[in-house]
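Heads up: the structure comes next, in C-alpha cells.
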Amino acid sequence: MSTSKQNKITNAIAEARTLHKNGQLPQAMAAYKKILRTAPSQPDALHYLGLAFYQTGQPEAAVAHILRSLSVAPLYLDAMNNLANIYKETERVAQAQALYTRVLAVAPNHVQALVNMAVVLRETKHTGDALKFVQRALFIQPDHSIALHTLGNIYADIKQWAQAELAFRRALSLDPHNNVTTIRLAQVLHKSDRPAEAIELLQALLITNPKDAMAQHLLASYSHQDIPQRSSDSYIKQTFDSYSAYFDQALAQLQYQVPELICEQLIASAQQFAAPIDVLDIGCGTGLCAPYVKQLTRSLVGVDLSGKMLAKAAQRQLYDELHEAELSDYMQHCARQFHYVICADTLVYFGDLQQVFANVFQVLQPTGFFIFSVEQYRSSEATPAYLLQENGRYCHQQRYLSAALQGAGFSIKLMQDIVPRLEGGQDVDGALVVAQRPA
C-alpha cells in the first residue's frame, strides 16, 4: 500500500473515531464501512466497527468483526481485551477469561486486562484471585478509578467494610460524579452501622441526580421514609440488567429452590385439567422455572422488565413467547387466559400487592391457579402490611397476603413457610402460596 493511501486511511480512521467518541454511532459505522470497502482487512476499522456493532445491540456481528481484526493482527491487545469484554457481557465467561489470560501473557502489565480479569473472577466468586489481579493493576496504576471501584467491591464481598470504604472514597476522589461508586459507598456505610452517613450521601447524590432510581430506592429503604408502593421500573431494569450475566450462578450459590417448589405444586394440581396447560410466568427473569414446567405445558409465556434477563431466557428455547413489559401492564392488556400464573421471587419488588392480584385473577381461567413466593415477616403486633427491607426487597405479613388474595376473589389453597434461599449465610424467611380462581 502506498504511503499516501496509508495516510488517507489513517486520517479516515481518526475522523471515524471522533464520530464514535461523540456518540454519533450511525455516522461512525458508515465511516468504518467506507474504509473497509477500500481496505477490507484494516484491523483498526474492523475492531472499532465491531465495538460499534456491540454498542448498537449486535453482539454476534461485533464478535465476528473483532475476530477478523485479530486474524490480521493476532497481537492487537486492545482488540483482544475488548473482545474478552464482549464475551464477559454475553456470558461466555470461559472464553473471556482465556482471552484476558492471552492478553496478559503478551503484556503482563496491561492494566485494563488485569482489572477486567479481576471483575470476572469476582463475579464468578473467585474472590482471592480477583483481589490479586486488581492489586496488581493498582500497583502499576494507583489512580485507576475502575480498579479502585473493583477493589471496593471485592472488600465489600468479604465484609471488610473499612477497606471497602477506603477504596470507594479513593475512586470517588478520581471520579467524583460516578453514581455507581457513590451508591456502593452508601451501602458500605450502612453495613458499617453508619446509616446517617449513608442517608446523607444518597440525599446529596439525589440533589444533583434526582432521577437516579437506585439512590431513590435505597434512600427509602435506609430512612424508612417515603416508602414507595413498589420498586420503580427503572430500579428493576437497572438492577437486573446489570445482574443478568451471573444471575443463575449467584442464585445456585445461595441454594435458591423456589422454581422446584413451584413446579411441585403445579404438578400436584395439574391433573384437574384435561388438556395440556397454558402457563404465564410473570417476572420470569432468566427462565429458571421453565425447565421444571415446560414438559407439562401447551404454551409457556414469560414476561419481564429486564431485556437482558429475557435474552438469557430466550437462550433456553423453552418459552413460546417472551415479552419485555411491566407485569401488571402486560396482564391488564392481555386478551387471553391461562391455567396457571407462576411468579418466583418477583413480588419481593412489590409492597402493595392488591393490583397485581387483581390482574392475575383477570388472566386466569376459572379454576386456574396462581402459585408464587414472597419474603415474609412475622409479628403479632399491628404492624404494617409490608416492609421495605434494607436489602431493597419487600417482605409481607401472611395475614396481609390472605386478605389481599381474598379481596381479589381468590380461594387460598396453600400458604407454606419456605426458605427460598440464603442471604449472608442465613436462611431467608419466605412463603410459598397457592391460590385458585373459583369456578
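The values are calculated or read from the model by the stated rules, or taken from the named source; none is laboratory data. Quick caveat, the model's predicted, so the values are computed rather than measured. Every residue, glycine as well, gets a Cβ built from its backbone with ideal geometry; the counts of neighbours run over all protein chains shown.
Odds and ends about this structure:
- Considering region 267-281, the residues that are in a loop (DSSP other than H, G, I, E, B) and hydrophobic (A, V, I, L, M, F, W, C) include one that is nearest to residue 321 (Cα to Cα), namely 275.
- Residues of region 260-291 that turn out to be over 26 Å from residue 333 (Cα atoms) and either free of Cβ contacts under 8 Å to residues at least 24 places away in the same chain or within 20 Å of the chain's Cα centre (by Cα) (or both), as a count: 4
- Only one of the listed residues (243, 330) is assigned to a helix (DSSP H, G or I), modelled with pLDDT of 95 or more and farther than 17 Å from residue 371 by Cβ. That residue is 330.
- All of (1) without any contact (Cβ under 8 Å) to a residue 24 or more places away in the chain; (2) surrounded by fewer than 23 Cβ atoms within 10 Å (Cβ to Cβ) hold for residue 72 with one exception: (1).
- Each residue in region 11-45 was checked for being loosely packed, with under 12 Cβ neighbours inside 10 Å and among the polar types (S, T, N, Q), and 2 pass.
- Residue check, residue 55 under 31 Å from the mean Cα position of the chain (by Cα) and polar (S, T, N, Q): yes
- Checklist (1) under 28 Å from residue 439 (Cα atoms); (2) in contact with a strand residue (DSSP E or B) (Cβ under 7 Å, 6 or more places away or on another chain) applied to residue 351, failing item: (1)
- Region 375-399 - residue that is part of a loop (DSSP other than H, G, I, E, B) and among the aliphatic types (A, V, I, L, M) and, of those, surrounded by the most Cβ atoms within 10 Å (Cβ to Cβ): 385
- The condition of being buried (at least 21 other Cβ atoms within 10 Å of the Cβ) and either assigned to a helix (DSSP H, G or I) or β-branched (Val, Ile, Thr) (or both) holds for only one of 196, 204, 171, 220, that being 171.
- Number of residues in region 343-374 that are in contact with a Phe, Trp or Tyr (Cβ under 7 Å, 6 or more places away or on another chain) and assigned to a strand (DSSP E or B): the value is 8.
- Residues of region 401-431 satisfying the condition of being outside any strand (DSSP E or B) and touching a residue at least 40 places away in the same chain (Cβ under 8 Å): 401, 404, 405, 407, 408, 409, 410, 419, 420, 421, 428, 429
- Verdict on residue 66 being within 19 Å of the chain's Cα centre (by Cα) and of a type in the set (Val, Ile, Thr): no
- Take the conditions (1) in contact with a Leu (Cβ under 8 Å, 6 or more places away or on another chain); (2) surrounded by fewer than 22 Cβ atoms within 10 Å (Cβ to Cβ); residue 315 misses just one of them, which is (1).
- Residue within region 116-133 that is among the hydroxyl-bearing types (Ser, Thr, Tyr) and either in contact with a Lys or Arg (Cβ under 7 Å, 6 or more places away or on another chain) or not in a helix (DSSP H, G or I) (or both) present: yes
- Test result for residue 57, out of contact with any helix residue (DSSP H, G or I) (no Cβ under 7 Å at 6 or more places or on another chain), at positive phi and surrounded by fewer than 21 Cβ atoms within 10 Å (Cβ to Cβ): yes
- Out of 86, 154, one residue alone is among the β-branched types (Val, Ile, Thr), in a helix (DSSP H, G or I), modelled with pLDDT of 95 or more and touching a helix residue (DSSP H, G or I) at 6+ places or on another chain (Cβ under 8 Å). It is 154.
- Single unsatisfied condition, residue 287 versus (1) touching a strand residue (DSSP E or B) at 6+ places or on another chain (Cβ under 9 Å); (2) closer than 16 Å to residue 338 by Cα: (2)
- Whether a residue is within 21 Å of residue 239 (Cβ to Cβ) and assigned to a strand (DSSP E or B) was assessed, and residue 287 does not pass this test.
- Taking the listed residues 108, 142, the one that is in a loop (DSSP other than H, G, I, E, B), closer than 30 Å to residue 65 by Cβ and out of contact with any Ser or Thr (no Cβ under 8 Å at 6 or more places or on another chain) is 108, with no other qualifying.
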